[in-house]
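Colleague: I have a structure I would like to understand better, so I am pasting it below and will then ask my questions one at a time.
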Amino acid sequence: MAVIRNGCESCADITCKSTLEVLSQDIAKNVNTAYDRVRSRGMSACLFGSSGTCCRNCNMGPCQIIDGVEEMIGICGATADTVAARNLARIIAAGSASHTDHAREMVKGFIATAKGQTAHKIQDVEKLHKLATLFGIEIEDRDKNEIALELGEKALAEFGSQDDEPITMLKRAPAKRQALWKKLGIEPRGIDREVTEMMHRTHMGVDQEYHNLMLQGSRCALSDGWGSSMLSTELTDIMFGTPVPRRAIVDLGVLKSDMVNVTVHGHEPLLAESLCIAAQEPDILELAKKAGAKGINLAGVCCTGNEILMRRGIPVAAGFIQQEMALATGAIEAMVVDVQCVMQSVAQVAKNFHTDIITTNYRAKMPDAVHIQFEEHDAMNSAKAILTKAIGNYKKRGKFFIPEKTKSDVVVGFSHETINYMLGGRFRASYRPLNDNIINGRIRGVGAIVGCDNYKYTDESHEIIARELIKNNILVLATGCAATSLGKAGLMRPEAAEFCGESLREVCETVGMPPVLHMGSCVDNSRILIAATEMVREGGLGDDISDLPAIGTAPLYMSEKAVAIGQYFVASGAQVVFQSLPITGSKAFNQYMTDGMMETYGAHWNIAEDPKEIARIMIEKIEQKRDALGINKKAERVLFDMEMRRDLGSGALSDVGCHGVAGPR
Amino acid sequence: MSKIICSAAIRGAHKIIDMAEAKYEEAVKKYGPEQEVGFPNTAYFLPVIYSMLGAKVNNIGDMKDIFQECRKLLPPLVTDTMWLPYLAPALDAGMATFFAEEMFEAIRYLDDPGFYTKTEDPTGGNLWLGAADDVVFRKRGVEFVDGTAPGFAAIMGAPPTKEIASKIALELQEKNLYIFMHDHTDGVRMSEQLVANDVQVGWNTRLVPFGPTYTSAVFAIGFACRVALAFGGVKPGDYRGNLIYNKDRTFAFVMAFGPVSDEWYANAAGAINWGFPTISDFDIPEVLPTGICTYEHVVSNIPHDEIVQKAIEVRGLKVNVTKIDIPMAFGPAFEGERIRKDDLFMECGGGRTAGVEVLISKGMDEVHDGLVTVEGPDIKDIQQGQNLPIAILVEVAGREMQSDFEPILERQFHHLINYIQGIMHMGQRNIMWVRIGKAAVEKGFSFEHFGRVLHGKLHQEFGAIVDKIQVKIYTELPKVEEVQELARSVYEERDKRLGTMTDETEEVFYSCTLCQSFAPSHVCIITPERIGMCGAYNWLDGKASFNINPTGPNQPIEKGECLDPSLGVFKGINDFVSQASRGAVTDLACYSLMTSPMTACGCFEAIAAMLPQCNGIMVVNRDHTGMTPSGMKFTTLAGMAGGGAQTPGFMGVSKHYMTSPKLFMAEGGLERVVWLPKMMKEEIAEKLKERCAAIGKPELFDMIATEENGTTEEEILKFLKEKGHPALEMEAVM
């Protein structure tokens, strides 16, 4: 039976089975979770804050603005539109900054790896060569580490670049989109620079025109999507291996009663990868045995979980909202955290148990946690120190409860490269079958479900949307905590094809894939940009991302990063649907965000609270794109005679059946 | 669902690779790694491996790396639950299957040299022909290039009865497809069913019994790979280019009869890489979503009377067949069929009786379209073995008709009459010869059917220039002699006109891009004195073809200013070639081997190559399989000259060009020719002697060496010195 958390109007019922199981145990009765705090706080969110019209950018205020009431503009005269736009722009800047700082660490780790200073090595040489070529680096007859070093240094330089040249990876976007960015003057230059400029322009008395503010908002977000996030994804792949399909398990049931449970929580996989290596070292295993444990059970939480899930098949115990529930099992010896999305409460929850919260990054400390600095240059010793600490706790484990049966099998690892391969094999790898089956209507389109989870709406939001989409023959791509949630719902099993509409099921069964494809962590949304670009390049679905029958959603979003992601999707031409945005207090700006942006970017934000309504909007938008592409009309089978084959070389027949050899492959 | 198929394909691939690898290890022990191994007479090594991986398997030891590659490609078996995506692994497994089968078959050639006949037709009770060698491949390849054969059906197993087998074979033949037959169903083999039902099998009837086991399916795939290499200019190792080329251009499919084994699934999965789908008569799962093949990937449970139609629809092929209303089957697939003595009912012409065929143009009011008359006894009036004289007089009229087109239309008689199943036609003009088979007579053949065929097909192919066609057939001697007399004067007139036509007298040359469906960057230039290197299209053909289809593959080109009369460089030609080859070729010399020679698609009758030591040129025809003084066989030379690339010193030529006054003019003409295969020299002897006389050197004919005088440059040089060949005295070309 669902535990109803009363006293909170907007807080939804908990429906997540493992959460319910854990919270109903005796050992969890003193655990205070986000749900409890919502209740005990006893007040609903500030109306000005949630509608985006509280301005505290200078010390004349704070000013609460009421749109349409002449007396209620800011002391400086700022209107509701200006204030809401500035606030949103700052959210984007914060989100981008987070991805950027994460990416910077990855690039530095990459450089250290190329220099042989870490426990890692360059694994995906093919991808290294591809990226190096993009950056104009010579690859012929060169050692992989030498290439990697040059690539790493060039990548690092993009963060602080001061000239006005666009960042390198913009070149990967469809030509038409690049031209649009150029025309709008929003090609990102230095990655850090765009955040700085955004912060500057939202300072008191600088940019006070919301269209103009959002141009920089877009540029800042693009520097994240096509800049830092993409760099992070790609260099991490080169270093730790590009994900390939593999089986894994998710949910709290992955914790082991007879092993040292170490959960890795946060975002940067450098630490987690080192822990993975260290956990297999004989001395560590020996130590664990001595402590009476059968071994070390690493399990992921939040996006670190997704990183090691994708690349190593290491189980994910929990998404963001379950981080406290994981601790409430009493079965975790240590929760090792780095940056982003770590609730301060975890250290308090841990106090009920033998668990240590180990912070590892100088940038992210908290009271009541143990700090063991993770030194990349001495990664193995850092990792071992952390594990040793955890092992030391094993004997102290008291009563615990693991919902052992509550776990779900998943197939993960759907990088852009995996999708390319799985549709045609080594010799015919391409997106052609995806495009073909979208054109012929077996797949209506692609829906991305990304982002966090959040107490505000029902835990099942992701699942409801995903089920609705696949039932309507829309293929779902997922990242981040949304992906973890869909995995728990069983939709990442290949057998879940049975929940699809008939024609999507047929495609899933042909390929052997689940209808919901796990594409990675939240920085890996850059993979979706590449996948979308590849769909454009493959042909038959228009010549820009804005032509594709594809749409994204981040229901249950919590983090500022999700807003940055949303904006780089929109600026790249993809529509998004969110459950809320703090802009409703400004009429004109709200209108611009949810409609007017269409004219500028060919995409805009959509807002809907109910998951079913979100799904409905997604389906509707996809069908509109299909109509615009003219692929909703029944196409007759084209049979080729000699004349038509002769024309293949001239590319004259690119719009019929087999798509000839027109264009480079 | 396709999980069953992919699981089976991967299982099958494991079995096949294990089997082939065991065979390989046995062979290493038996023969040692240095032992040479390969398919007969080919420059493409083991063609699937060569085209996909760029690897040349020359000896058994070379197979080691390929087996490693197979193992790398071979995925684990598909699990019952929580499977990983299996489509791509199954396709990879299918590819590895072909690599393994190719090596298996290559070892079979070594272990059991008599297993395959290595001929075009079955011999001495052995049905199994084995891999097509390069002679067969190039000859048949031309048909793929010019569209007379759009593709092939790779058959696995056999239909339930010989009658059904024959019917399906006939239907496929009528769609102009090649039929490659492999393996058996419950011990029954389709080739044997056909033979038992008196159907002629072999390359000539396009019913090719490749082998009795499933592993010979790799010969079909190897054939497709070579089409891309030889005609498409696809480079070895460019696997993607080769596969996409075949998907778009070679309309092949797998047709499977009866239960499908794991091994068949493995082969079918492999074929999907080339865009070749599988159509089965059995109740197996289907794979309908598209993307790798043009349309569906596996379609099953198709009744036998629909299977051919379904197959070409799934493959996305449109075959334009005009129904000719005669009781015998009709189509290009029957062109090569032979009427042997035992099958013969009667014959006309060919020295046995008088025979003549001629086409003339007349005024519009003099021709009654569709009129076909037979004067004299018809088949029904005679006994078996009673031969008759014959004259076929075709009279045509049309507003666009020109007397220049008469010989072109007339030349069609040969293949059009040959298209009739049970009829064999040879020669032309007054040396024509037709044999009427018993099978045709049983079906109700009448001489009138020749008229029906000529009327129908000439209308279809030349509708743009002829409006009316009437056919008069005579089988009484006086009438035949009358037509012979008329024909003689027509021939005389024609030859005179052709004889006076030179490259100088005509301002317009014709392009030929007929093969661009297969060789996208190649363009032929046809001049009055240099016919297409395929030997099939002369200047008049180009002219007629342009009249028939003004936007078609033959375009008139104003030759423009002559920039070099000896090389044969014309401004207009350069401009055209540059544009038509999309910039690949910017300069073209019509009469030179060494400077900007003409490119080739790959379907040339012969290849000319420079012999530097001899200071002369050798020419080798397609049918000569022996070594040449260049150190290369025809097949290797063909690789140098084909694929649309300009390679000075190597060039495709037609046999006809060998006796043209413009032959190698830039290099000194006929006097530069030092070596020809005996077969070719004899074939063109009469005209060659004429040319030698015409240039004032009748003794030259005997100075041209053949393989009897040697097959190395040293031997030839010695021979030339003995004979005092003029080439030795000429200016050095290299």
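Colleague: Among the residues of the range A:530-558, which ones are surrounded by fewer than 24 Cβ atoms within 10 Å (Cβ to Cβ) and in contact with a Cys (Cβ under 7 Å, 6 or more places away or on another chain)?
Modeller: Selection gives A:MET558 alone.
Colleague: Has the range B:712-728 got any residue that is crowded, with 20+ Cβ neighbours inside 10 Å, touching a residue at least 12 places away in the same chain (Cβ under 8 Å), among the aromatic types (Phe, Trp, Tyr) and within 23 Å of B:HIS656 (Cβ to Cβ)?
Modeller: no
Results for (1) free of Cβ contacts under 8 Å to residues at least 24 places away in the same chain; (2) among the hydrophobic types (A, V, I, L, M, F, W, C); (3) in a helix (DSSP H, G or I), shown as yes or no for each residue.
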site	(1), (2), (3)
A:GLY205	no, no, no
A:ASN212	yes, no, yes
A:ASP224	no, no, yes
A:LEU231	no, yes, yes
A:VAL244	no, yes, no
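Colleague: A further question on this structure: Determine which single condition B:LYS3 fails, assuming it passes every other condition in (1) away from every other protein chain (no Cβ under 14 Å); (2) part of a helix (DSSP H, G or I); (3) not β-branched (Val, Ile, Thr).
Modeller: (1)
Here's the yes/no breakdown for (1) assigned to a loop (DSSP other than H, G, I, E, B); (2) in the same structural domain as B:SER660 (by TED's automatic domain parsing); (3) within 30 Å of B:VAL356 (Cα to Cα); (4) in contact (Cβ under 8 Å) with a residue 24 or more places away in the chain:
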{"site": "B:ARG494", "(1), (2), (3), (4)": "no, no, yes, yes"}
{"site": "B:CYS515", "(1), (2), (3), (4)": "no, yes, no, yes"}
{"site": "B:MET533", "(1), (2), (3), (4)": "yes, yes, yes, yes"}
{"site": "B:ASN554", "(1), (2), (3), (4)": "yes, yes, no, yes"}
{"site": "B:ASN574", "(1), (2), (3), (4)": "no, yes, no, no"}
{"site": "B:ALA589", "(1), (2), (3), (4)": "yes, yes, no, yes"}
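Colleague: Follow-up question, since we're still on this one. Can you find even one residue in the range A:100-116 that is among the basic types (Lys, Arg), at pLDDT 95 or above and not in a helix (DSSP H, G or I)?
Modeller: Yes: one or more hits.
Colleague: Within the range B:39-61, take every residue that is surrounded by fewer than 18 Cβ atoms within 10 Å (Cβ to Cβ) and away from chain A (no Cβ under 14 Å) and give me the one that is nearest to B:LEU229 (Cα to Cα).
Modeller: Result: B:LYS56.
Colleague: Now a separate question. When you scan the range B:470-493, do you find a residue that is of a type in the set (Asp, Glu) and closer than 29 Å to B:ASN549 by Cβ, even just one?
Modeller: Within the range B:470-493, one or more residues are of a type in the set (Asp, Glu) and closer than 29 Å to B:ASN549 by Cβ.
Let's see how each residue does on (1) farther than 18 Å from B:SER51 by Cβ; (2) surrounded by fewer than 24 Cβ atoms within 10 Å (Cβ to Cβ):
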| site | (1), (2) |
| --- | --- |
| B:PHE223 | no, no |
| B:TYR239 | no, yes |
| B:PHE257 | yes, no |
| B:TRP264 | yes, no |
| B:ALA268 | yes, no |
| B:CYS293 | yes, no |
| B:VAL308 | yes, yes |
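Colleague: Can I ask one more? State all residues of the range B:202-221 that are buried (at least 24 other Cβ atoms within 10 Å of the Cβ) and in a helix (DSSP H, G or I); if no residue qualifies, say none.
Modeller: Result: B:THR215, B:SER216, B:ALA217, B:VAL218, B:PHE219, B:ALA220, B:ILE221.
Colleague: Can you name the residue in the range B:378-419 that is in a strand (DSSP E or B) and of a type outside the set (D, E, K, R) and is also surrounded by the most Cβ atoms within 10 Å (Cβ to Cβ) among such residues?
Modeller: Only one residue fits best here, namely B:ALA391.
Residues are listed down the side, and each one gets a yes or a no for (1) closer than 20 Å to B:CYS225 by Cα; (2) assigned by TED's automatic domain parsing to the domain that holds B:ILE221; (3) within 23 Å of the chain's Cα centre (by Cα):
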residue: B:LEU87; (1), (2), (3): no, yes, no
residue: B:THR117; (1), (2), (3): no, yes, yes
residue: B:LYS139; (1), (2), (3): yes, yes, yes
residue: B:VAL145; (1), (2), (3): yes, yes, yes
residue: B:ILE155; (1), (2), (3): yes, yes, yes
residue: B:LEU170; (1), (2), (3): no, yes, yes
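Colleague: Follow-up. Report whether or not A:CYS55 is surrounded by 23 or more Cβ atoms within 10 Å (Cβ to Cβ) and touching a strand residue (DSSP E or B) at 6+ places or on another chain (Cβ under 6 Å).
Modeller: Taking the combined requirement at face value, the residue satisfies it.
Colleague: Which numbered condition in (1) part of a strand (DSSP E or B); (2) surrounded by fewer than 22 Cβ atoms within 10 Å (Cβ to Cβ) is the only one that B:ALA584 fails?
Modeller: (1)
Colleague: If you take the residues in the range B:254-294 that are more than 9 Å from chain A (Cβ to nearest Cβ) and among the polar types (S, T, N, Q), which one is farthest from the chain's Cα centre (by Cα)?
Modeller: The extreme case among them is B:SER261.
Colleague: Here's another thing I want to ask about it. When you check A:GLU468 against the structure, is it free of Cβ contacts under 8 Å to residues at least 12 places away in the same chain, in a helix (DSSP H, G or I) and either surrounded by fewer than 23 Cβ atoms within 10 Å (Cβ to Cβ) or away from every other protein chain (no Cβ under 12 Å) (or both), yes or no?
Modeller: No: the conditions fail for A:GLU468.
Colleague: Which numbered condition trips up B:GLY336, out of (1) touching a Ser or Thr at 6+ places or on another chain (Cβ under 7 Å); (2) assigned to a helix (DSSP H, G or I)?
Modeller: (2)
Colleague: Here is a further query. Step by step: first the residues of the range B:6-25, then only those that are more than 30 Å from B:LEU84 (Cα to Cα) and in contact (Cβ under 8 Å) with a residue 60 or more places away in the chain, then the one that is surrounded by the fewest Cβ atoms within 10 Å (Cβ to Cβ). Which residue is that?
Modeller: Among residues in the range B:6-25 that are more than 30 Å from B:LEU84 (Cα to Cα) and in contact (Cβ under 8 Å) with a residue 60 or more places away in the chain, the one surrounded by the fewest Cβ atoms within 10 Å (Cβ to Cβ) is B:LYS23.
Colleague: Then there is this: Could you list all residues from the range A:390-431 that are surrounded by fewer than 23 Cβ atoms within 10 Å (Cβ to Cβ) and basic (Lys, Arg)?
Modeller: A:LYS395, A:LYS396, A:ARG397, A:LYS399, A:LYS405, A:LYS407, A:ARG426
Colleague: Filter the range B:225-253 down to the residues that are away from every other protein chain (no Cβ under 14 Å) and in a helix (DSSP H, G or I) and list them by number.
Modeller: Result: B:ARG226, B:LEU229, B:ALA230.
Colleague: What do you reckon, is A:MET644 assigned to a helix (DSSP H, G or I), at the interface with another protein chain (Cβ under 10 Å from one of its Cβ atoms) and modelled with pLDDT of 70 or more?
Modeller: Considered against the rule, which asks whether it is assigned to a helix (DSSP H, G or I), at the interface with another protein chain (Cβ under 10 Å from one of its Cβ atoms) and modelled with pLDDT of 70 or more, A:MET644 comes out as yes.
Colleague: Sticking with this one: Suppose we filter the range B:255-290 for residues that are of a type in the set (Val, Ile, Thr), more than 21 Å from B:ILE17 (Cα to Cα) and touching a residue at least 40 places away in the same chain (Cβ under 8 Å); how many remain?
Modeller: The number of residues fulfilling the criteria is 2.
Colleague: Looking at the range B:672-682, can you tell me whether even one residue there is within 29 Å of B:ALA584 (Cβ to Cβ) and in a loop (DSSP other than H, G, I, E, B)?
Modeller: no
Colleague: Being under 16 Å from B:ILE155 (Cβ atoms) and within 14 Å of chain A (Cβ to nearest Cβ) is true for just one of B:ILE312, B:ILE307. Which residue is that?
Modeller: B:ILE312
Colleague: Next up: Assess whether A:LEU270 counts as being surrounded by 18 or more Cβ atoms within 10 Å (Cβ to Cβ), at pLDDT below 95, of a type outside the set (D, E, K, R) and under 29 Å from the mean Cα position of the chain (by Cα).
Modeller: yes
Colleague: Right, next: Do you know which residues across the range B:190-228 are modelled with pLDDT of 95 or more, small (Gly, Ala, Ser) and within 24 Å of B:ALA100 (Cα to Cα)?
Modeller: The answer is B:GLY211, B:SER216, B:ALA217, B:ALA220, B:GLY222, B:ALA224.
Colleague: Right, another one. Which residues, taken from the range B:308-328, are in contact with a strand residue (DSSP E or B) (Cβ under 9 Å, 6 or more places away or on another chain) and within 15 Å of B:ILE436 (Cβ to Cβ)?
Modeller: B:ILE326, B:MET328
The values are calculated or read from the model by the stated rules, or taken from the named source; none is laboratory data. Values in this document were obtained by computation on a predicted structure and should not be read as measured data. Quick reminder, even Gly has a Cβ in these numbers, built from the backbone with ideal geometry, and neighbours come from all protein chains shown.
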